[in-house]
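Read the structure below first, then the notes.
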Amino acid sequence: MNDYLYEVARRLVAFDTVSAKTDVAAMEFIAAELPPRGFKTALQPVELLGVSQANLVAWIGPERADGLIISGHVDTVPFEGQPGWERDPLKLEAAGERIYGRGTTDMKGFIAQCLDATRTLDASRLRRPLVFVFTASEEVGCLGAHSVAPALRQILGTTPVPQLAWIGEPTSFEVCHAHKSIVSFVVTVRGIGGHSGAPDKGVNAIAVMGRVIDTIGRLQEERRMHPRPDFAAIFPDAPTDVLNFGTIQGGIASNMIAEECRLRISYRTLPDADPLDLRREIGRRIATLDTRDYAGREHRATIEVGPANVVPPLNSPRGTALEKTLFAVTGATTSGGALYGTDGGWFTGSNIVSLICGPGELSQAHQPNEYVRRDLFERGTAIIHQVVERLCCAG
Ligand SMILES: [Zn+2]
């Protein structure tokens, strides 16, 4: 048993880095481990959703092109109020073949492996730079990566920004080169309130929202009925754009005309499209709706489609040196699409090609009693060593 690996994972899990809380203490802990091993480090402070967060960049090796980025996010999804927990989410616990704790799979286990790998890294053998990019607020829209990706050139100074990034999100060490975009926004219907005994004097926002939901639902059905054959291999479960009605709020009481109704939706589009195309189509269709209430024909509601939060898609080219290396080292033989979004979408915008491959299991991400398999947890350090050896040290 590797005591350091477990100790680092224990420390990382113990930091409550749910996205709504600050990650600074956890990032400072990671940052402090690296300089004694020859790394330069830079914390990038960022204010995200009203909370002080930090991204961390740490790099080592010659100031040459063709290095490697290894990346992961430090924040986690919430656990408070999540039913089913039978353990302390912030306490790393090994039991049988499982290592429990919030973030063990998604994705502090991988970050612990990264730190463990640096312990025995022989910096004198590096021919190209190795760069760690650890991000904040990934779970709430990849916000940390949005800030740090375009700043890498400035942060790294005379070290060229590597063009390949390995993101250790949970895949059980399979390889993924693509994911869909994620777009979320709020649709607000504003009607006219009043007494429910005279519904024709107002406009019920909930009634009009019903038409909005029907319109978006039909669009969803259209996409589902026309799967894209060219994405069948990458996204076998859903080679289409997919939509989700997330939350809805409206009205105050059963005897009052609902004045306002708010619907939050999200969708994921195939990676070859502009993520906002579907939102524009939703806007066009909503603009043609009858915004009058069933109860009266005189007044109309207004419908506002709010600003979109966008996580860009990932569609990395096949056959890169990183792909070949991950195949050789992990034993994976194919690459597919991930069901979730990652920081890689923002790396793409900075001309960095990303692949996803990590020790966690997708089925454990965001779950109560989250765990990582012991064998995959203990195997990761050696995998990182071999990838760094091939991409940063060899020939
Ligand atoms: Zn994740």
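Values quoted throughout were computed directly from the atomic coordinates according to the rules given, and no laboratory measurement underlies them. In this text the structure is predicted, and so the values were computed from the model without any measurement. Note that we place each Cβ from the backbone using ideal geometry, even for glycine, and neighbour counts take in every protein chain shown.
The figures follow:
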quantity: Separation in nanometres of the label points that stand 7 Å from Cα toward Cβ, at Ala321 and Ala65; calculated: 1.1
quantity: Debye, to nearest 20: dipole size of region 293-346, +1 on Lys, Arg Cβ, -1 on Asp, Glu Cβ; calculated: 240
quantity: Highest to lowest packing among 212-222, 342-352, 268-278, scored as the average C-beta count within 10 Å; calculated: 342-352, 268-278, 212-222
quantity: Principal semi-axes in Å for the chain [√(5λ), Cα gyration tensor, largest first]; calculated: 44, 23, 19
quantity: Estimated 222 nm signal from helices in the chain, with DSSP H stretches of n ≥ 4 weighted -39500 (n - 2.57), rounded to 500; calculated: -8000 deg cm²/dmol
quantity: Dipole of region 89-242, positive end: most advanced residue of Leu121, Val148, Val186 [Cβ charges, Cα centre]; calculated: Val148
quantity: Net charge dipole size for the chain [Lys, Arg +1 and Asp, Glu -1 on Cβ; Debye, nearest 20]; calculated: 600
quantity: Cα Rg, Dmax (largest Cα-Cα span) when computed across region 182-310, Å; calculated: 16.8, 56
quantity: Using alpha-carbon coordinates, inclination of helix 205-225 to the longest axis of the chain, degrees; calculated: 50
quantity: Full-stretch length increase - Val51, Trp85 - with 0.36 nm per residue and alpha-carbon distance subtracted; calculated: 9.6 nm
quantity: Nearest-0.05 FRET efficiency for Ala25 and Ala123, computed from C-beta distance (R0 25 Å); calculated: 0.40
quantity: FRET efficiency, Asp200 to Asp277 (Cβ-Cβ, R0 56 Å, nearest 0.05); calculated: 0.90
quantity: Mean-position separation - Cα centroids, region 121-148 and region 154-204, in angstrom; calculated: 22
quantity: Rounded, prolate or oblate (a/c below 1.5 giving rounded, otherwise prolate when a/b exceeds b/c) for region 1-156 by Cα gyration tensor; calculated: oblate
quantity: Angle between the chain longest axis and helix 321-330 axis [Cα atoms, degrees, rounded to 10]; calculated: 80
quantity: Region 182-310 - percent relative contact order, Cα under 8 Å, separation 6 or more; calculated: 44
quantity: Inter-label distance, nm, simple model (7 Å from Cα along the C-beta direction), Asn351/Arg264; calculated: 3.7
quantity: Farthest positive-ward along region 249-395 dipole, Cα basis, beta-carbon charges - from Cys392, Gly336, Thr291; calculated: Gly336
quantity: Distance-filtered residues of region 171-190 - backbone nitrogen under 14 Å, label point 7 angstrom along Gln386 Cα→Cβ; calculated: 173-175
quantity: Dipole magnitude (debye, nearest 20) for region 182-310, charges at Cβ of Lys, Arg, Asp, Glu; calculated: 200
quantity: Rounded tilt (10° steps) of 109-119 against the dominant C-alpha axis of the chain; calculated: 20
quantity: Cross-link reach list, lysines versus Lys21, counting only Cα pairs under 19 Å and skipping chain neighbours closer than eight places; calculated: Lys91, Lys108
quantity: J(HN,Hα) series, region 308-319, from Karplus relation 6.51 cos²θ - 1.76 cosθ + 1.60, nearest Hz, glycine and proline x; calculated: 9, 9, 10, 10, x, x, 10, 8, 6, x, 7, x
quantity: Cβ-derived FRET efficiency at R0 25 Å, Thr333 paired with Arg224, nearest 0.05; calculated: 0.25
quantity: Percent RCO, i.e. relative contact order, over the chain, from Cα pairs under 8 Å lying at least 6 residues apart; calculated: 25
quantity: Within region 294-318: backbone nitrogen closer than 11 Å to the Thr215 label point (7 Å, Cα to C-beta); calculated: 302-305
